[in-house]
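Worksheet: one structure, shown below.
Computed from the coordinates by the stated procedures, all read-outs in this text should not be read as laboratory data. All values reported here derive from a predicted model rather than from experimental measurement. Methodologically, a virtual Cβ is constructed for each residue, glycine included, from the backbone with ideal geometry; neighbour enumeration extends over all protein chains shown.
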Amino acid sequence: MPAARPKILITMGCPAGIGPEIVLKALGHPEVYDWCRPEVVGDELLLKETAKRLGLPWPSVPIHSLTNLKGVRPGRPSAATGQASYLYVTWAARACLQGEAEAMVTAPISKWALSLAGVKEPGHTEILARLTGCTRFAMMMAGERLRVVLATIHLALSQVPQTLSLEGLGETICLAYEALRRDFAIDHPRLAVAALNPHAGEEGLFGDEEKRIIQPAIELARAKGIEASGPYPADSLFYRAAQGEFDLVVAMYHDQGLIPFKLLHFRDGVNITIGLPLIRTSVDHGTAYDLAGSGQADESSLLAAIKLAAIAARNRGRDVYGQDTSFQG
Ligand SMILES: NC(=O)C1=CN([C@@H]2O[C@H](COP(=O)(O)OP(=O)(O)OC[C@H]3O[C@@H](n4cnc5c(N)ncnc54)[C@H](O)[C@@H]3O)[C@@H](O)[C@H]2O)C=CC1
Ligand SMILES: NCC(=O)COP(=O)(O)O
């Protein structure tokens, strides 16, 4: 870790979810203060109530209290909790963009509560892309054994084939490569690209996206000097990556990547939005409304997210761009 510890803003997440609890629990781990200078963005009164009810220690960190919510019931999201969640995220993003903090780490929010509050985007990823004016971005899930980047994110499964494009996939491969070099300090990353269809399409018997879209996108990335290969049958690829053959898998859709990832890393996985002009990491799980208020939520993923944000802040100080990796399909 750097001698100068980065300032990291931790957003509290949905006030009705497990966010307040895991934020307090994570800040009870002394190693966090070796990694960074954490500050919380949320609701101070609600955090105090949570600490009191669950018997958690009160952290001596700055709290940016943006709301004064009354009557929030754990496990009961509403338009008000969605609006508050949104406020915490936008405030932290603005602070990062203005150079007031080195990174932001987000506790989980509810896509449903966001929509009740009238927010158009489904999650942090898309909100942050809009706030930062970023059109090249992707979701990465990172753990010790497996890293996955998604070619498509929050959309119905039926929309995936028509959403995949040669240009979009090529961009995603390049973004993954850039992020591994910049944020993870892997100088020569090995990327594997998953097929969409069973047995990678079996020579076109089960679909042609591999030939029409995925293979050409890999070739374009390779022409840029990126060590990308595939398309590999997805049923065996994640095992191979977890055995160490690849540094990252590009998955074609949300559950293709997140099911194997969470099987390995449910407790300690980290979600990182790549391509943004700011560092944002997050837990890999949701609001767990079924556990909210019970005191049983596990803070390990949030701890891992804080640690990775601090590492990425340090690594972004390295100059790794001797090579043009921008994608020009
Ligand atoms: N980064 C974010 O803001 C994310 C938000 N979500 C949102 O969260 C909401 C609920 O999503 P679900 O699909 O139900 O997933 P979920 O992750 O909230 O819950 C799935 C299961 O895992 C358990 N679980 C989750 N986190 C846990 C933790 N820290 N400790 C112990 N057990 C835990 C829950 O109790 C539940 O049984 C949705 O609105 C979804 O959109 C989901 C994923 C990420
Ligand atoms: N399954 C991951 C997820 O939904 C996280 O979304 P986001 O809030 O990070 O955009």
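Here are a few things to note about the model shown:
- Cα gyration tensor, the range 1-135 - rounded (a/c under 1.5), prolate or oblate: oblate
- Positive minus negative residues near Pro20 (Lys, Arg vs Asp, Glu; Cβ under 9 Å): -3
- Inter-centroid distance (Cα atoms) of the range 227-278 relative to the range 280-316, Å: 18 Å
- Shape of the range 101-220, Cα gyration tensor, a/c cut at 1.5: oblate
- Aspartates and glutamates whose Cα lies under 15 Å from that of Lys70, excluding same-chain neighbours fewer than 8 positions away: Asp43, Glu44, Glu49
- Stretched out straight at 0.36 nm per residue, the stretch from Asp187 to Arg145 would grow longer than its current Cα-Cα span by 13.3 nm.
- Taking each of Lys224/Lys262; Lys111/Lys307; Lys48/Lys120 in turn, the alpha-carbon distance tops 29 angstrom for Lys224/Lys262; Lys48/Lys120.
- Rounded FRET efficiency, nearest 0.05, which uses the C-beta distance separating Ser115 from Ser229 and R0 of 35 Å: 0.35
- Between Arg73 and Gln159, residue separation times 0.36 nm minus the direct Cα-Cα distance comes to 27.4 nm.
- The shape of the range 248-314 comes out oblate: with a ≥ b ≥ c from the C-alpha gyration tensor, a/c is at least 1.5 while a/b does not beat b/c.
- Debye, to nearest 20: dipole size of the range 138-267, +1 on Lys, Arg Cβ, -1 on Asp, Glu Cβ: 360 debye
- Of all beta bridges that DSSP places with both ends in the chain, some 30 percent have antiparallel geometry.
- Rounded FRET efficiency, nearest 0.05, which uses the C-beta distance separating Ser60 from Glu167 and R0 of 45 Å: 0.35
- Förster-model FRET efficiency, 45 Å R0, Glu49 and Glu219, C-beta, rounded to 0.05: 0.20
- Dipole moment magnitude, nearest 20 debye, the chain about Cα centre, only Lys, Arg, Asp, Glu C-beta charged: 960 debye
- Mean residue ellipticity, 222 nm, helices only, the chain: the sum of -39500 (n - 2.57) across DSSP H runs of n ≥ 4, divided by residue count and rounded to 500, is -11000 deg cm²/dmol.
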